[in-house]
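Following: one structure in C-alpha cells, then a few remarks.
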Amino acid sequence: MRPEALNPLFAEVETLDGVGPKLKKPLERLGLSRVRDVLFHLPDRFVTRRPVASLDEAGEGENIVIALTATEHRASRNQRAPYRVFAQDEIGNVLALTFFGRASFTAKKQLPVGEKRWVAGKLERYGDMLQMVHPDHVMEQADASLVHLNEPVYPLAEGLTQPRMASLAAQALDRAQALPEWIEPGVIAREKWLPWREALVAAHKAEAPAARDRLAYDELFANALALMLVRADNRARRGQSLQGDGSLRDRLQLPFPLTGAQRRSIDEITGDMAQESPMLRLLQGDVGAGKTVVALEAMLVAVEAGAQAAMLAPTEILARQHYDTLRRMAAPTGVEIALLTGRDKGKARESTLLGLLDGSIDIVIGTHAIFQDTVGYRNLGLVVIDEQHRFGVNQRLMLTKKGRRTPHTLAMTATPIPRTLTLAQYGEMDVSRLDEMPPGRQPIDTVVVAQERMDEVVNGVARHLSAGQQAYWVCPMVRDSETADIAAAEARYAMLEQRFGDQVVLVHGQLKPEIKDAAMERFASGEAKLLVATTVIEVGVDVPAATLMVIEQAERFGLAQLHQLRGRVGRGSEKSVCLLLRGEALSETGKARLALMRETQDGFRIAEEDLELRGGGELLGTRQSGDTPFRLATLEQIQRMLQMAHDDARLLMERDGGLTGERGEAARLLLYLQERDWGVQLLRGG
Ligand code: ADP
Ligand code: MG
C-alpha cells in the first residue's frame with residue numbers, strides 16, 4: 001500500500017480551498033485530479049510586465065499593464081466565435097479583448113462599458129487590430145500584483161484563471177513535506193540539485209532549470225527503476241524453452257517471400273523462445289510492415305513445441321480481423337484457432353474455454369477477455385500483444401502471470417519511435433524492428449503548398465472528387481483551446497460544404513458518438529467524398545478509396561503525427577497524394593521538418609529526425625502529449641538524462657540493495673509518488 005507520508009498528496013483536488021464543482025471540469029481537462037497532480041503542474045513560463053500609459057508605448061508580443069475603458073461588448077451570433085470587448089486607452093487607441101468559451105461570462109462582469117480597468121496581458125495583433133486574448137488580470141485598482149516580476153503562467157483550461165491556479169499551486173506546495181532523498185548522492189552533488197521539495201518550490205516560483213531537471217530526472221529514474229524491477233522479476237521467473245521442429249511452419253503457403261527484416265525478427269524471436277527464461281520482446285514496425293506473419297510464425301513455433309499461444313488485440317474489431325487473417329493463412333497447417341471476446345456468451349464460450357483447458361485449441365485470438373480468471377489454459381507458452389501502446393506496458397506485463405510457467409511475451413507496436421524513447425517506454429525490453437516494407441507499396445506523393453494558395457488547393461480537391469475519388473481534409477490544432485480548434489474546423493467545413501454540398505462530412509472530438517459514427521460511415525461507404533476532420537482521424541480509419549490528404553498548417557503537427565495522418569492514404573492500388581499546407585512564417589526548422597516529410601516515408605527515420613529537430617531547442621509546445629510516458633520531462637531532458645537515470649537505477653538495484661535500505665525505501669516512495677508502483681507490486685506479488 002501507498003506509504004502514509006504520501007497520503008496528503010494523493011488527496012482529491014477538491015480538498016484544496018476554492019475548488020468547487022465549477023472548477024472540476026477545467027481541472028479534469030488538465031489532468032489535475034489530486035493534490036499531487038497540481039504539484040507537478042508547472043508553469044509554462046514566467047512573465048514580467050511593463051506598465052504603459054498608452055498602446056503607442058507597447059510593442060507587439062509584449063506583456064503590459066495598461067488602463068483601459070471598455071467601449072463596446074460584441075458577441076457573435078456564431079456561438080463558437082470569440083466574445084470581444086472593445087476598449088480604449090487614455091489617448092483613444094482601440095484594443096480588442098478577446099475571450100473564448102465560458103471566459104465571456106467573466107468578461108461581461110469584469111469590464112462594464114464606460115468604466116476604467118487595469119488590464120494585464122500580452123499584446124498581440126490580429127489582422128489589422130490590436131488584441132489581448134484572455135488577459136491575465138482585470139482589476140479596478142492598480143496594485144502591486146499587476147507589475148509582479150516573474151509571475152508564473154500556468155497552462156490553463158477554460159474556466160480557470162492564473163490567480164486561481166497560482167493559489168492551488170501554493171496550497172499544494174504547503175501540503176508537500178520534505179521527503180528522503182532517492183537520487184544517488186554522487187549525482188546530487190555533481191548536478192548541485194536541490195532536495196525534492198525545494199526543487200518543487202523553486203520550479204513554481206521562477207525559471208529554475210536545475211530544479212526542473214531534478215524533477216524531470218525523478219520521473220525518468222522512477223520509470224527506469226520500475227521497468228528494471230519488472231525485467232528482474234521476469235528474469236527470475238521460470239518459463240519454458242520452446243523449440244519448434246518446423247513441421248507446421250513448413251506447411252504454411254505464404255503468397256510472398258518474407259522480407260529480410262521479417263526473417264531477422266523471426267530469428268530473434270525464436271532464439272528467445274528457445275531459452276528457458278521468458279521472452280520480453282517488442283516488435284516495432286510501421287503500419288503495413290507485416291507484423292502479423294511474424295506473430296503467426298512465433299505462435300506456430302509454440303504449437304510445434306507442444307504449447308498454446310494467445311494473441312491479444314486492443315479492440316473487438318481488430319480481434320476479429322486478426323482471427324480471419326490468421327485462420328486463412330494458417331489453414332494449411334491444420335492448427336486449431338479460436339476467437340474469444342467479451343461478446344461471446346453461452347455454449348460457444350463454454351466450448352472455447354473447454355478447448356483451451358484441454359489443449360484442443362492451439363491458438364486463441366481475443367480481447368482482454370482471454371485473460372480473465374475464468375479462462376484456463378492447458379499450457380500457455382506465448383502471448384502476443386498487438387498495438388502495445390494502447391495498453392501500457394505495465395499492466396500487460398503483469399498479465400503474463402497466467403499459467404504455471406511464465407509464458408513468453410511478444411509485444412507489437414505500429415508506432416515507430418526513436419531508440420531513446422523506446423528505452424524510456426519499454427526499458428530494457430529487447431526490440432526487433434521491421435524497418436523494411438514489403439515490396440510493391442505505392443509511394444505517396446507529398447507536396448508542400450503555401451496556405452495562400454488555398455483556392456488552387458480547393459480546385460484540386462474538386463478535380464479529385466469529380467474523378468470519383470475520396471479525400472481527407474485535416475484542420476490543425478491552433479490554440480490551447482479545443483473549442484477554438486473546433487471553431488476553425490467548422491468554419492472550414494462550412495466553406496467546403498458551400499462548394500461541394502452534402503458530399504462533405506465533418507468529424508471532430510466534440511460531436512456525439514452517434515453523429516461521428518454516422519459521418520464516418522457515410523465516408524467509409526463512399527457516399528460522402530470529403531471528410532473534414534480535426535486530428536481524430538488519426539486512429540483506426542481504413543478507407544482504401546481515399547487517395548488525397550490535405551493537412552492545413554502542417555508545420556504545427558509533430559512529424560510522427562503527420563506520418564500517422566499520411567498513413568491514412570496510400571492503402572489502395574491507386575496513386576495517393578498528400579498536400580501539406582504551410583503557414584507564412586515558417587522557421588528554418590519548420591522548413592526542414594516539412595522537407596523531411598516530402599523526402600521519406602520511413603517512419604523510423606521520421607521519428608529519429610523529428611526528435612533531433614525538436615530536441616534541438618524548438619519544442620512545439622514543449623511537451624508533446626502522447627509521445628512519452630512522462631509528464632514533466634521534455635524530449636530534450638529525456639535525451640540528456642535518460643541514460644544517467646538508467647545507470648542510477650541499475651546502481652540501486654545491483655549495488656545498493658534494491659528497494660531495501662535507506663535509499664531503497666526512499667526510492668519506493670518515489671515509485672508511488674510517480675505512480676510507477678506497479679514495479680513494487682510486482683515484487684510483492686512474487
Ligand atoms: P502490420 O504490420 O500493419 O500489422 P500486416 O501484417 O497487416 O501489417 O501486413 C500488411 C499487408 O502486407 C498484408 O496484406 C500482408 O499480407 C502483406 N505482407 C506481409 N508481409 C509481406 C511480404 N513479405 N511481402 C508482401 N506482402 C506482405
Ligand atoms: Mg497489424
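Every read-out reported here was derived from the displayed coordinates using simple, explicitly stated rules and does not represent laboratory data. As the structure is a prediction and not an experimental result, all values here were calculated from the model. Cβ sites come from the backbone with ideal geometry, for glycine too, and all protein chains shown count toward neighbours.
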* **Under 5 Å, built H, 5+ apart or other chain: amide partners of Ala338** => Ile363, Val364, Ile365
* Between Phe105 and Gln451, what FRET efficiency comes out of the Förster formula 1/(1 + (r/R0)^6) with R0 = 45 Å and r the beta carbon distance, rounded to 0.05? -> 0.85
* **Under 13 Å, Cβ to Cβ, from Arg175 - net charge with Lys/Arg +1 and Asp/Glu -1** => -1
* To do: Work out, step by step, the length gained on full extension between Gln177 and Thr325: first 0.36 nm times the residue separation, then minus their alpha carbon distance; give nm to one decimal.
  => 47.7 nm
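Within 10 Å, count the other beta carbons around each residue, average over each peptide in 606-613, 40-47, and list them highest first.
So the peptides 606-613, 40-47, ranked by packing, come out 606-613, 40-47.
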* Asked: Could you list, bin by bin from short to long, the percent of Cα-Cα pairs of the chain in 20 Å steps?
  -> 15, 43, 34, 7, 0
* Structure fact -> Here the gain from full extension of Ala518 to Glu198, 0.36 nm per residue of separation minus their alpha-carbon distance, amounts to 109.9 nm
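Over segment 249-434, what portion of Cα pair distances is larger than 24 Å, expressed as a whole percent?
Above the 24 Å cut-off, segment 249-434 has 32 percent of its Cα pairs.
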* To do: Just need log10 I(q)/I(0) for segment 31-83 at q = 0.28 Å⁻¹, Debye formula, equal scatterers on the alpha-carbon atoms, no solvent, rounded to two decimals.
  => -1.02
* Asked: Between Arg598 and Gln243, what length comes free when the chain is fully extended (0.36 nm per residue of separation minus the Cα-Cα distance, one decimal in nm)?
  -> 123.3 nm
* Under the definition of Cα pairs under 8 Å and six or more residues apart, what whole-number percent is the relative contact order of segment 50-147? -> 29
* State, to one decimal in nm, how far the label point of Glu72 lies from the label point of Ser360, with both points 7 Å from Cα in the Cβ direction. => 8.1
* Asked: In what sequence, highest mean first, do 288-296, 163-171, 215-223, 659-667 appear when ranked by Cβ atoms within 10 angstrom?
  -> 215-223, 288-296, 163-171, 659-667
* **Under 5 Å, built H, 5+ apart or other chain: amide partners of Gln131** => Ala96, Glu124, Arg125, Tyr126
* Quick one: if the Förster radius is 30 Å, what FRET efficiency do Thr374 and Ile317 give, using the C-beta to C-beta distance and rounding to 0.05? -> 0.80
